Amino acid sequence: MKSPLLSLPGAVPAEGVDEGVAAHYGDLFREQRALAEGNGFVDLSHRGVITVTGDDRLSWLHLLLTQHVSELPPGEATEALILSAHGHIEHALYLVDDGTTVWAHVEPGTQQALLAYLESMKFFYRVEAADRTDDFAVVHLPAGSIAEVADDVVVRETAYGRDLFLPRADLESFAASHGPAAGLLAYEALRVEQHRPRLGFETDHRTIPHELGWIGTAVHLQKGCYRGQETVARVQNLGKPPRRLVFLHLDGSDVHLPGAGTEIRLADDGPDGRRIGFVTTSARHHELGPVALALVKRNVPVDARLLAGETAAAQEVVVEP
């Protein structure tokens with residue numbers, strides 16, 4: 001879905017899964033600094049929007065999600081996962097309940113598969129799940145923003161800012177009164193700095209929540225059964241996830257960033273050494289320089305010097321080994 005904000009001055013379209021919104025508006029670092037200072041907004045209107053209504057919505061979702069939501073208070077934001085039977089991550093939902101409806105935004109293009117799964121699990125519960133992506137657009141206001149939001153707009157507020165479920169027809173008027181706009185590259189650079197994983201970026205077909213530090217933020221360890229819980233409990237008790245998320249400070253003298261999928265090796269072994277992981281997201285940060293998130297084998301020493309492709313990298317622990 002192509003955003004009308006791509007018509008704003010300087011807008012350069014994003015590519016890949018983020019196609020449809022702007023990667024930047026002509027000045028990546030200025031846009032990052034504005035967000036870090038609590039100014040501007042980010043167009044996330046390419047993300048999917050799912051709603052769940054009905055008297056049983058919270059108790060029903062509680063049975064399906066990794067998060068404890070049966071008593072979720074209105075207005076309290078949370079995030080949750082849907083796992084496979086083997087405990088691998090299939091969906092990530094960013095939720096808020098407004099008192100009558102659960103609103104969630106999800107990765108672009110995943111809403112139809114998610115909705116199909118939810119429909120298959122309705123049984124006798126009094127719930128209705130719907131894809132509202134055509135009607136509502138997600139817009140992000142950074143932490144510290146004092147921008148006013150209309151009372152009828154659903155807001156999901158976290159430590160990282162406010163996600164608005166804005167009527168799609170109001171997107172252009174919102175942009176006119178809440179600028180300056182910041183692109184996806186600025187938003188992603190701050191996400192990497194904050195060590196926040198993203199479905200489809202930090203995950204592959206075999207990723208489990210422990211590897212990414214999603215325990216606690218998206219997975220509740222004291223709730224009842226859900227699909228994939230046995231894997232979560234087993235890894236929690238044994239304490240041995242096969243991989244762990246790390247934050248990388250990359251050598252700033254290299255012109256090119258190592259892209260997603262770039263193989264990581266121990267620096268002492270050289271570029272022909274054994275593969276111990278791979279880059280998941282890389283970014284140019286306005287203060288830290290080139291940085292990245294990566295998945296490495298659990299037993300890689302936390303003080304080991306690494307190579308991301310041919311780029312030297314120092315790791316910072318995100319998930320303890």
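No value in this document is a laboratory result; all are computed from the given coordinates. Owing to the predicted nature of the structure, the values given are computational and were not obtained by experimental measurement. All Cβ positions, glycine included, derive from the backbone under ideal geometry; neighbour counts span all protein chains shown.
One Cα centroid belongs to region 191-226, the other to region 1-67; the line between them spans 19 Å. Computed packing ranks the peptides 8-16, 84-92 as 84-92, 8-16, most packed first, by mean other Cβ atoms within 10 Å.
Amide H to amide H, with H built 1.01 Å from N, Thr280 comes under 5 Å of Gly261, Leu293, Ala294, Leu295, counting only residues 5 or more places away or on other chains. Between the amide H of Ala23 and those of Val12, Ala14, Leu184, distances stay under 5 Å, these residues lying 5 or more places away or on another chain, with hydrogens modeled in the peptide plane.
For the residues Asp98, Asp56, Asp254, a GNM of the chain with alpha-carbon springs under 10 Å puts the largest fluctuation on Asp254. Of the peptides 173-179, 17-23, the order by per-residue mean of other Cβ atoms within 10 Å, starting with the highest, comes out as 17-23, 173-179. Of the GluC sites (Glu not before Pro) in region 225-299, the ones in a loop by DSSP (not H, G, I, E or B) with at most 12 other beta carbons within 10 Å are Glu287.
Report, in deg cm²/dmol and to the nearest 500, the calculated mean residue ellipticity at 222 nm for the chain, where each DSSP H run with n ≥ 4 adds -39500 (n - 2.57) and the sum is divided by the residue count.
Here the helix-only value at 222 nm equals -5000 deg cm²/dmol.
Each Lys and Arg contributes +1 and each Asp and Glu -1, all at the Cβ; summed about the Cα centre of region 242-321, the dipole is approximately 360 debye. In sequence order, region 278-295 has phi-based couplings of 7, 6, 9, 9, 10, 7, 9, 9, 5, 10, 8, x, x, 9, 7, 9, 8, 9 Hz under the Karplus curve 6.51 cos²θ - 1.76 cosθ + 1.60, θ = phi - 60°, and Gly or Pro positions carry x.
Applied to region 194-201, the Karplus parametrisation 6.51 cos²θ - 1.76 cosθ + 1.60 on θ = phi - 60° returns per-residue 3J(HN,Hα) values of 7, 6, 8, x, 9, 4, x, 10 Hz, with x for Gly and Pro. Shape call for region 242-321 from the C-alpha gyration tensor, a ≥ b ≥ c root eigenvalues: rounded (a/c under 1.5), prolate (a/b greater than b/c) or oblate? The shape class here is oblate. Relative to the 2.2 N^0.38 Å rule of thumb, the chain has a C-alpha radius of gyration ratio of 1.01. Largest mean-square fluctuation among Gln236, Gln222, Gln112, in a Gaussian network model of the chain whose springs join Cα atoms under 10 Å apart, belongs to Gln222.
Would you mind getting me the FRET efficiency between Asp254 and Ala113? Use the beta-carbon distance for r and R0 = 35 Å, nearest 0.05.
Details: r = 37 Å, r/R0 = 1.07.
Once the sixth-power term is evaluated, E becomes 0.40.
How far, in nm, would the chain grow between Thr158 and His86 when pulled straight, counting 0.36 nm per residue and subtracting the alpha carbon separation?
On the way: separation 72, 0.36 × 72 = 25.92 nm, distance 3.00 nm.
So the chain would gain 22.9 nm between Thr158 and His86.
Sparsely packed loop sites in region 126-233 (the trypsin sites (Lys or Arg not before Pro) outside DSSP H, G, I, E and B with at most 15 other Cβ atoms within 10 Å) comprise Arg126, Arg206. Taking θ as phi - 60° and the Karplus parameters 6.51, -1.76 and 1.60, the scalar couplings of region 210-215 work out to 4, 5, 10, x, 7, 5 Hz in sequence order, x denoting glycine and proline.
Bridgeable lysines around Lys240 (alpha carbons under 25 Å apart, same-chain partners fewer than 8 residues away excluded): Lys223, Lys297.
Stretching the chain fully between Arg275 and Glu316 yields a gain of 12.9 nm (0.36 nm per residue, less the alpha carbon separation).
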